[in-house]
Amino acid sequence: MDSDRIAEIIIAEIRSTVPELEAQPITRGDSMADLGVDSIERSEIILATLEAIGLKVPMVQLHGPRNIGELADLLHAKSKA
Amino acid sequence: MPSPRPDPHPPVVTGIGVASGLGHGKDAFRAGLFEGRSVFAPLARPGRQRGDGSPPFFGVEMPDPPSILPPRVERTAGLSGRAAVAVLDEAWREAGLDRVSPERIGLIVGGSNLMAREQLLSLRDYADRLDFLPPRHGHVFLDTDICGLCASQFPIRGFAHTIGAASASGAAAIVEAVEAVRSGRVDACIALGALQDVSLMDLQGFRALGALGAGPVCRPMDTGHDGFLYGEACAALVVTRPGHSAGTVYGRVLGTGFCTDGSRGPEPNSEAQVRAAQDALAAAGLVAADIDYVNGHATGTPSGDEAELATMRRLGLGHARGNATKSIIGHGLSAAGAVEAAAVLIQMRERLLHPTLHLDAPLDEAFRWVRGAAQEHRIRHALKFSFGFGGTNVALVFGAPEGEAT
């Protein structure tokens with residue numbers, strides 16, 4: 001599964017967690033915080049994405065990405081490690 | 001202890017929101033009560049079936065609460081939370097609480113262990129994938145999440161907390177709301193009897209205790225009674241000082257009694273029930289002869305009904321009209337005291353008493369139960385009983401709005 005596919009999963013999880021963003025265009029360059037996703041929602045989205053791609057890593061190892069693309073890249077790297 | 005003298009300006013109820021098996025809102029509640037519509041059925045919500053082919057639990061489940069929360073919030077709120085927001089919204093609008101300063105508004109949610117069914121379902125769903133448990137589970141399992149949810153959607157900034165008193169929780173919330181208003185702590189306080197979302201485990205526990213009836217109906221105060229039947233319910237009552245709200249007055253809370261009797265389990269205690277009623281009457285400056293209507297706790301458990309009848313005999317309430325709201329909507333547990341207090345006040349306003357269903361052979365023919373159809377009656381002073389496991393006894397005395405009482 002490549003990084004773009006992981007980003008699509010993240011974006012789908014964002015839309016299901018925050019239905020208010022259903023119609024809003026979301027791309028790899030967007031940050032969840034800037035989209036108005038709060039911190040508990042962000043954790044929920046990341047956990048749901050981890051489950052969807054079959055990856056188990058502690059949340060503390062996922063701090064740092066500044067946007068959806070960087071998060072997808074990080075998850076992609078972790079899934080290959 | 002009762003107040004030394006009656007409050008010359010007792011707190012009033014100016015807004016009511018109700019949800020039950022009769023539907024959402026007061027209109028559905030009023031119509032169903034006066035019509036005496038029986039809504040008992042096998043409990044069908046997930047998490048309430050034994051799954052071993054044994055007969056289902058009977059009771060009452062409500063239609064889905066109206067969707068009034070923002071979608072991102074609604075998806076995180078359980079049934080108890082959504083029902084709470086719906087009744088709060090109805091009561092809030094009616095009482096015109098937008099005109100009250102948020103810091104002068106309090107919320108007391110009656111009930112504990114409110115979301116057992118959803119916890120059971122979560123355990124089933126996540127037992128083999130706990131690492132992916134959504135982080136929200138870290139706060140939504142708390143009963144106080146209902147307080148947080150309500151205060152996040154409505155400008156309540158005085159205080160918001162829960163009070164647990166088993167099946168008397170809703171009535172206990174009213175007692176505390178009245179105290180909060182009387183003491184001046186806030187100008188308006190919402191007493192909310194929360195929906196107790198019982199699980200299979202709770203139902204089976206009640207059955208094992210011998211408290212739960214077999215169905216298909218519940219027969220409070222009837223010789224055929226065999227226990228209570230659960231009924232989903234939720235109600236909010238806005239209690240204010242007279243003149244502190246825009247709503248019209250349903251009735252006055254003239255006195256309350258709230259005592260414990262030393263039982264740990266489900267055993268009723270008539271002496272303590274009498275004491276609670278006497279305390280409430282003394283606080284109201286009334287005697288039993290002044291009470292013209294009694295809304296019983298009346299669950300349909302054999303020991304509970306007998307103890308309550310003994311209490312009514314001891315108090316000398318044989319002259320008063322009476323009915324059992326649980327015969328129609330089932331036993332709301334944490335919500336019961338609040339939803340039944342709402343029934344008292346709606347009957348007071350409508351000058352009509354709802355029938356007691358399935359009361360074919362009364363345990364005591366001397367009591368003037370409303371049977372068959374709704375009956376006209378102008379309530380001046382009502383007594384509401386609410387009792388809970390663990391030895392809790394609550395009595396509330398309501399009076400008609402000022403000018404209508406005499």
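Each reported figure results from applying straightforward, stated rules to the coordinates on display, with no laboratory input. Owing to the predicted nature of the structure, the values given are computational and were not obtained by experimental measurement. Heads up, the Cβs are rebuilt from the backbone with ideal geometry, glycines too, and the neighbour counts pull from every protein chain shown.
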| What fraction of the DSSP beta bridges in the protein assembly as shown is antiparallel, stated in percent and rounded to the nearest 5? | 60 percent
| What are the semi-axes of the equivalent ellipsoid of chain B, taken as the square roots of 5 times the eigenvalues of the Cα gyration tensor, listed largest first and rounded to whole Å? | 30, 27, 18
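Mind pulling up the Rg/Rh value for the range B:153-243? Radius of gyration and Kirkwood radius, both on Cα.
Rg/Rh for the range B:153-243 comes to 1.10.
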| request: Please list the radius of gyration and Dmax for the range B:40-90, considering alpha-carbon atoms only, with Å as the unit. | output: 14.0, 40
| request: Averaging over all projection directions, find the projected area of the Cα convex hull of the protein assembly as shown and quote it in nm² with one decimal place. | output: 24.4 nm²
| said: Let me check I have the definition right: for the range A:3-80, take the eigenvalues of the Cα gyration tensor, multiply each by 5, take square roots. What are those semi-axes in whole Å, largest first? | reply: 18, 12, 12
| task | Pick out which of A:VAL37, A:VAL60, A:VAL18 has the largest mean-square fluctuation in a Gaussian network model of chain A, springs linking Cα atoms closer than 10 Å. | result | A:VAL60
| query | Modelled label-to-label distance, A:VAL60 and B:PHE132, 7 Å Cα→beta-carbon offset: nm? | reply | 2.4 nm
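Please label the shape of the range B:350-391 as rounded, prolate or oblate, based on the square roots a ≥ b ≥ c of the eigenvalues of the alpha-carbon gyration tensor (a/c under 1.5 means rounded; beyond that, a/b larger than b/c means prolate, else oblate).
Values: a/c = 2.10, a/b = 1.21, b/c = 1.74.
Note, shape of the range B:350-391 comes out oblate.
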| request: Within the set of other residues whose C-beta is less than 12 Å from the C-beta of A:ALA33, count the net charge using Lys and Arg as +1 and Asp and Glu as -1. | output: -2
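Return the loop-located trypsin sites (Lys or Arg not before Pro) in the range B:329-406 (DSSP other than H, G, I, E, B) with at most 15 other Cβ atoms within 10 Å of their own Cβ; answer none if there are none.
Qualifying residues, ordered by number: B:ARG351, B:ARG378.
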| said: Cut-off 10 angstrom, C-alpha nodes, Gaussian network model of chain B. Which of B:LEU315, B:LEU281, B:LEU107 fluctuates the most? | reply: B:LEU315
| query | With chain B treated as a Gaussian network of Cα nodes joined by springs under 10 Å, which of B:VAL274, B:VAL87, B:VAL73 yields the largest mean-square fluctuation? | reply | B:VAL73
| field | Antiparallel bridge percentage (DSSP; both residues within chain B; nearest 5) | value | 60 percent
| query | By a straight-distance test (C-alpha under 18 Å), which lysines pair with A:LYS78 as possible cross-link partners, with residues fewer than eight away in the same chain excluded? | reply | A:LYS56
| query | Which of the trypsin sites (Lys or Arg not before Pro) found in the range B:170-264 are loop residues per DSSP with 13 or fewer other Cβ atoms within 10 Å of their Cβ? | reply | B:ARG185, B:ARG264
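Subtract the Cα-Cα distance of B:GLU74 and B:SER101 from 0.36 nm times their separation in residues, and report this length gain in nm to one decimal.
Separation in residues times 0.36 nm, less the Cα-Cα distance, equals 7.1 nm.
For B:SER270, A:SER43, what ranking results if the residue with the fewest other Cβ atoms within 10 Å of its Cβ goes first?
Least to most surrounded, the residues fall as A:SER43, B:SER270.
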| field | Exposed trypsin sites (Lys or Arg not before Pro) absent - longest run of chain A, DSSP non-H/G/I/E/B, at most 14 other C-beta within 10 Å | value | A:1-55
| Selected from A:LEU55, A:ILE14, A:SER43, residue furthest toward positive end of dipole (chain A; charges at beta carbon) | A:LEU55
| message | Just want the ordering: B:CYS259, B:CYS189, from fewest to most Cβ atoms lying within 10 Å of their own Cβ. | response | B:CYS259, B:CYS189
| remark: Residues other than B:LEU317 with Cβ under 14 Å of its Cβ, Lys/Arg counted +1 and Asp/Glu -1, net out at +1
| request: Mind pulling the per residue volume of the convex hull built on the Cα atoms of the range B:239-290? Å³ is fine. | output: 123 Å³
| said: For peptide A:46-54, what's the mean number of Cβ atoms from other chains within 10 Å of each residue's Cβ? | reply: 2
| Residue-averaged [θ]222 nm for chain B, counting only DSSP H segments that reach four residues, each worth -39500 (n - 2.57) | -9500 deg cm²/dmol
